[in-house]
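The values are calculated or read from the model by the stated rules, or taken from the named source; none is laboratory data. Since the model is a prediction, treat every value here as computed from it, not as a measurement. Quick reminder, even Gly has a Cβ in these numbers, built from the backbone with ideal geometry, and neighbours come from all protein chains shown.
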Amino acid sequence: MKRDDLTHHVYGGNKVRKLEYLLAEARAPGGRRLVTIGTVGSHHVLATAYFGAQAGFEVEAVLVPQPRTEHVIEVLRAGLGLGLRAYPVRSWAAAPAAVLARVLAGARLVALGGSSATGTRGYVDAGHELAAQVREGAMPEPDVCVVALGSGGTAAGLAVGFAAAGLRTRVVGVCVSAPTWALRMSAEHLARASGRDARVTGVRLAGDGRFLGAGYGSRTDEGDEATALARAHAGLDLDPTYTAKVFACALWFVRARQARTVLYWHTLSSAPMAPLLEGAPEEGQIPTRLLNLARP
C-alpha cells in the first residue's frame, strides 16, 4: 500500500499533492479568496480550508448534502473552525450557480476535488515517485494500482505518471458515487489532457463501479469487511465513503488472482482530528441550514 495518509502531519490525504499546485496557481496574480465545492463532510473542502488559510487565503465553499455520520459532522466543524465560509445548497444541480456567484464576487475557483489539469499534476508527480520507489527496490512493479475514483484527478494523474515513468501498471479507479459513467468520463478526460501536456502515450486507466453499493457515502458489506481486515492486519483506518470500497476492490483482485502484485493507494488522512477541532464550533452551534445537509 502507498500511504498518502501521511502527506502532512496536520491533515494528510490525497488533496495535499493537488493543493500544492492549485494554491500556487491561485496566488498569482494577487489572489486573496478561494471558492471550492464539495459535500458537507468533504475532505477536499477541509483540506482547502486548512492549507488555503496557511497560504493566506480566505476560503469559501459551496456545500451539498451527504449521508450523516459522526465523521461528517467532525469534518464540517473543523472546516468552520478554520474560518471556512460555507454556502449550503440543496442539491448538486443547484451548486454551479452558487459557485458562479462566488467567482463573480472575486473568488478564485478550486475545482471539485482539486481535479483540474493543474491539480492533476500533483498525481503525475506521485506516479513518478512510485516509479522511483520501484527502481529502488521498495516494492515490485504493481500490475494494478487501486485508488478511489471521485472527481478523477488522482486516478488520472497516477495513470499518466506511471506511463511517463515507464511503468506498465494499470490504474483501476473505484467509483465512489453515481453515475459511474460520468466519473469514468471525467477521469479519462483529465488523463487525456495531462497526457498531452506531458507528451505521454500508453496510459492505462479503468473504472470499477462494482463496489459503490447504494451510492455516495453508503456502507457496504464488502467495505465493512475490508475495514475490519485493514485495521486488524495493517493498523489502517478506512472510511465507508472512499477507502473501504477501494480496499474491498483490492481484496477482490487478490482473491480472484486477477493480478500478481496489487497496490492499494490510501488517500484518507490519518492525522488526528483533535487539533483541527480545537476552537471549532460544537454541533449545537452550527447553523441548522448547514446541519440539515447531513441527512440521516
For this session: Answer with yes or no whether Ser151 is buried (at least 23 other Cβ atoms within 10 Å of the Cβ), part of a loop (DSSP other than H, G, I, E, B) and not assigned by TED's automatic domain parsing to the domain that holds Ile37.
Result: yes
Exercise. Of the conditions (1) free of Cβ contacts under 8 Å to residues at least 12 places away in the same chain; (2) buried (at least 22 other Cβ atoms within 10 Å of the Cβ), Arg199 fails just one. Which one is it?
Worked result: (2)
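Conditions tested, residue by residue: (1) among the charged types (D, E, K, R); (2) touching a strand residue (DSSP E or B) at 6+ places or on another chain (Cβ under 7 Å); (3) closer than 30 Å to Arg32 by Cα.
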| position | (1), (2), (3) |
| --- | --- |
| Ala117 | no, no, yes |
| Gly122 | no, no, yes |
| Ala126 | no, no, yes |
| Cys145 | no, yes, no |
| Gly161 | no, no, no |
Seminar exercise, completed: (1) modelled with pLDDT of 95 or more; (2) of a type outside the set (Phe, Trp, Tyr); (3) surrounded by fewer than 20 Cβ atoms within 10 Å (Cβ to Cβ) all hold for Glu60 apart from (3)
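Which ones in segment 219-240 are crowded, with 23+ Cβ neighbours inside 10 Å and either in contact with a strand residue (DSSP E or B) (Cβ under 8 Å, 6 or more places away or on another chain) or closer than 21 Å to Ala159 by Cβ (or both)?
None - no residue of segment 219-240 is crowded, with 23+ Cβ neighbours inside 10 Å and either in contact with a strand residue (DSSP E or B) (Cβ under 8 Å, 6 or more places away or on another chain) or closer than 21 Å to Ala159 by Cβ (or both), so the list stays empty.
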Exercise. Is segment 268-278 home to any residue that is charged (D, E, K, R), assigned by TED's automatic domain parsing to the domain that holds Val172 and either crowded, with 20+ Cβ neighbours inside 10 Å or farther than 30 Å from Val171 by Cα (or both)?
Worked result: no
For this session: Could you tell me whether Ala53 is free of Cβ contacts under 8 Å to residues at least 40 places away in the same chain and assigned to a helix (DSSP H, G or I)?
Result: yes
For this session: Out of Ala191, Ala214, report the one residue that is within 27 Å of Trp92 (Cα to Cα) and surrounded by fewer than 17 Cβ atoms within 10 Å (Cβ to Cβ).
Result: Ala214
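Can you name the residue in segment 117-148 that is among the aliphatic types (A, V, I, L, M) and in a strand (DSSP E or B) and, of all such residues, is nearest to the chain's Cα centre (by Cα)? Steps first, answer last, please.
Keep residues of segment 117-148 that are among the aliphatic types (A, V, I, L, M), which gives 117, 124, 126, 130-132, 134, 138-139, 144, 146-148.
Pick out the ones that are also in a strand (DSSP E or B) and you get 144, 146-148.
Numbers: Val144: 19, Val146: 14, Val147: 10, Ala148: 7 Å.
Checked segment 117-148; the qualifying residue nearest to the chain's Cα centre (by Cα) is Ala148.
Considering only residues that are β-branched (Val, Ile, Thr) and either within 19 Å of Leu100 (Cα to Cα) or modelled with pLDDT under 95 (or both), which ones fall in segment 12-37?
Narrowing segment 12-37 to residues β-branched (Val, Ile, Thr): 16, 35-37.
Within segment 12-37, Val35, Thr36, Ile37 meet the criteria.
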For this session: Could you tell me which numbered condition Arg3 fails, if it satisfies all but one of (1) buried (at least 19 other Cβ atoms within 10 Å of the Cβ); (2) under 21 Å from Ala155 (Cα atoms); (3) under 14 Å from the mean Cα position of the chain (by Cα)?
Result: (1)
For this session: Would you mention how many residues in segment 209-232 are at pLDDT below 95 and farther than 13 Å from Cys175 by Cα?
Result: 1
Problem set entry | For Pro179: the one exception among (1) of a type outside the set (D, E, K, R); (2) more than 16 Å from the chain's Cα centre (by Cα); (3) buried (at least 17 other Cβ atoms within 10 Å of the Cβ) | (3)
For this session: Pull up segment 6-56, narrow it to residues that are touching a helix residue (DSSP H, G or I) at 6+ places or on another chain (Cβ under 7 Å) and basic (Lys, Arg), then point me to the one that is surrounded by the fewest Cβ atoms within 10 Å (Cβ to Cβ).
Result: Arg17
